[in-house]
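Worksheet for the structure shown next.
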Amino acid sequence: MAPPSAATRRKLQRKFRLRGFTLKVDALEEAAAFLERFPDAEDDALDLLLDELDKEPLQSSILDRDAVRRVVALLVEAEEAVDAASPAVTSARSALRVVDAFLVPRFHYDPIKKVFYEHTGRLAIHGEAGDKASLYRDRYQVLLQRLSRDKYFSKPAFDTVVAEDSSCEITSIQSLIGCTGRRWIMGVISQLEERQFYLEDLTGAVPIDLSNAKITSGFFVENTVIVAEGELLSNGIFQVNTCGFPPLEDREASLSLLMGLDFFGGGVIPTEETLRLSSLEKKAVNDMFVILSDVWLDNPETMEKLAVVLDGYDSVEVVPSLFVLMGNFCSRPCNLAFNSFEELRLQFGKLGEMIAARSRLKEHSRFLFVPGPDDAGPSKALPRCALPKYLIEELQKHIPNAIFVSNPCRVKFYTQEIVFLRQDLLYRMRRSCLIPPTTEETSDPFEHLVATITHQSHLCPLPLTVQPIIWNYDHCLRLYPTPHTIVLGDKSEQKAFKYTGITCFNPGSFANDSTFAAYRPCTKEVELSALEG
């Protein structure tokens with residue numbers, strides 16, 4: 001096979017880059033060979049190839065020969081049907097891109113140059129002591145650089161006359177020594193001594209007294225970063241008068257400062273492609289995602305209820321484009337005492353049969369599986385890898401395009417960024433709270449939870465003793481820049497709450513309460529549903 005000409009090479013690289021892909025040399029040659037089949041319709045063939053690649057659950061935006069060859073093989077098989085392929089057929093499926101947490105790029109903040117740079121090289125699953133320190137430092141740096149741009153906390157550009165009482169400039173903890181009067185400090189709440197809480201920043205630590213503090217909405221737990229106003233007493237304790245979480249930053253403001261860096265993991269999309277996708281997203285009025293959490297495959301009652309839900313959606317005029325089934329997939333924890341893996345494997349197979357029996361769902365819907373906190377896996381730490389291959393092989397025989405992904409995971413629908421987490425977070429947050437949450441703005445625990453994770457820019461800001469996190473993969477749980485939608489699968493009652501433009505909802509526990517949710521990405525509307533009886 002002759003190597004592609006320079007013009008073809010440039011054309012391919014430009015077109016693929018517009019769709020957020022990077023081509024390896026062997027992949028470029030594979031794509032060029034495909035185009036040679038259509039000398040009179042190269043552009044149409046290339047668009048078709050890119051549309052089909054968009055449908056694939058790719059592991060990375062950097063394409064190798066295998067990824068391109070797989071799609072080319074499918075297209076060659078259906079060559080006679082190319083002319084009949086209409087835009088309506090390709091719209092919904094090509095819109096969706098699923099990102100596994102372990103493939104989310106990691107960025108570090110350089111406080112001197114005030115820029116983020118991407119981490120290169122391997123990330124060890126079993127980290128060293130320094131990696132644990134980096135976890136806290138990186139979380140703190142992300143919030144500090146965000147706070148430094150806030151008009152209330154940024155230092156004036158010129159030395160205008162500002163009364164000390166009206167200045168909200170952050171003082172480093174090291175600089176508190178010898179200071180009198182009211183000061184603002186920002187740090188991580190930590191318990192360096194039993195029953196004595198400290199606030200730590202990158203310069204030092206100071207014991208704090210929160211007993212009379214006025215607080216904002218949210219759960220103040222160990223490990224959260226707070227901004228506190230108060231004064232240093234003569235006994236060395238910082239008396240906190242008011243405290244809250246670092247203020248949020250608008251998503252667009254964050255993106256404009258990141259200069260095209262891909263924090264989400266779905267690939268960088270150029271401006272002109274973003275505009276095209278954005279208009280397609282607005283037109284996708286028929287697209288709907290159905291989300292169920294706690295789908296117990298070993299519980300006959302749950303499976304009967306699932307059959308009712310699938311029947312209902314199989315009979316509607318336009319079937320949902322995506323079903324998200326979140327764990328736990330078993331009513332008992334799959335730990336070392338669990339000895340029914342063979343049975344669970346067969347139950348996954350039965351689920352595959354159940355889906356395959358609904359021909360419209362099998363043909364037109366995608367199925368995404370997210371493991372729960374008690375499902376089979378190497379550890380309880382977050383992020384959790386996808387369900388083990390052994391368990392899902394029987395299901396894949398019936399639904400070959402089912403997607404098995406990590407917990408948490410990310411989904412990109414055209415330009416919209418959606419984050420899924422299946423964790424019983426609310427109960428743990430309430431148990432770990434250091435101060436009873438304020439009821440001034442809301443008494444709803446779910447609203448406090450949403451305020452906490454969005455302001456912390458992190459899905460799980462709990463102490464590592466309560467919820468272990470793989471140190472080198474803590475960045476996978478970050479919510480920076482803020483996504484459009486956050487789905488928190490939790491066994492607590494279903495709830496939906498829109499907070500500063502971010503749609504957050506909990507579909508509820510399907511096995512316990514027969515509840516689930518339907519989400520329309522076009523309008524960001526959430527329909528909380530339940531089966532009667």
From a point 7 Å beyond the Cα of SER60 in the direction of its Cβ, which residues of region 248-268 have a backbone N at a distance under 20 Å? 261-268
Checked against a 26 Å limit on the C-alpha separation, the offending pairs among LYS114/LYS524; LYS412/LYS498; LYS305/LYS350 are LYS114/LYS524
Tell me which lysines have Cα within less than 23 Å of LYS214's Cα, excluding those fewer than 8 residues away on the same chain? LYS151
How far apart, in nm, are two points set 7 Å out from the Cα along the Cα-to-Cβ line at ARG137 and at VAL76? 5.1 nm
Exposed loop chymotrypsin sites (Phe, Trp or Tyr not before Pro) only (DSSP loop, at most 12 other Cβ atoms within 10 Å): please give the longest stretch of the chain free of them, not including the sites. 159-533
Simple spin-label estimate for ARG149 and LEU528 in nanometres, 7 Å along Cα-Cβ: 3.3 nm
Rank ASP490, ASP314 by accessible area, highest first, at a 1.4 Å probe radius? ASP314, ASP490
Whole-percent carbon and sulfur contribution to the accessible surface of region 264-396 (1.4 Å, no ligands, DNA or RNA) stands at 55 percent
Would region 305-421 count as rounded, prolate or oblate if I go by the C-alpha gyration tensor, calling it rounded below 1.5 in a/c and otherwise prolate when a/b exceeds b/c, oblate otherwise? oblate
Extended-chain gain in nm, criterion 0.36 nm per residue less alpha-carbon gap, ALA205 and ARG17: 63.0 nm
Between region 100-144 and region 314-361, how far is it from one alpha carbon centroid to the other, in angstrom? 36 Å
With a Förster distance of 22 angstrom and the Cβ-Cβ distance between GLU363 and VAL308, calculated FRET efficiency to the nearest 0.05 equals 0.60
Alpha-carbon centroid distance for the pair region 294-308 / region 1-32, whole angstrom: 47 Å
Tell me the per residue accessible area of region 333-490 using a 1.4 Å probe; a whole number in Å² is fine. 35 Å²
Subtracting the Cα-Cα distance of LEU275 and THR438 from 0.36 nm times their residue separation yields 54.5 nm
Within the chain, excluding any trypsin sites (Lys or Arg not before Pro) found in a DSSP loop (not H, G, I, E or B) and having at most 11 other Cβ atoms within 10 Å, the longest uninterrupted segment runs 196-533
Rounded if a/c under 1.5, otherwise prolate or oblate - region 200-321, Cα gyration tensor axes: oblate
Given only helices, namely DSSP H runs of n ≥ 4 each adding -39500 (n - 2.57), what is the per-residue ellipticity at 222 nm of the chain, to the nearest 500 deg cm²/dmol? -9500 deg cm²/dmol
If I model a spin label as a point 7 Å beyond the Cα along the Cα-Cβ vector, how far apart are those points for ASN512 and SER340 in nm? 1.9 nm
Given the Cα-Cα distance of GLU118 and ILE177 and 0.36 nm per residue of separation, how much length would full extension add, in nm? 17.6 nm
Answer with a single label: of (1) 18; (2) 12; (3) 24, which was calculated as percent of Cα pairs over 46 Å apart from the structure in view? (1)
Please report, in whole Å³, the volume per residue of the convex hull around the C-alpha atoms of region 449-533. 109 Å³
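The values are calculated or read from the model by the stated rules, or taken from the named source; none is laboratory data. Note that the structure is predicted; figures quoted are calculated from it, not measured. Please note: Cβ atoms are built from the backbone with ideal geometry, for glycine as well, and neighbour counts cover all protein chains shown. Keep in mind that these areas ignore ligands, DNA and RNA; they rest on the heavy atoms of the full protein, side chains included. Shrake-Rupley method; radii C 1.70, N 1.55, O 1.52, S 1.80 Å.
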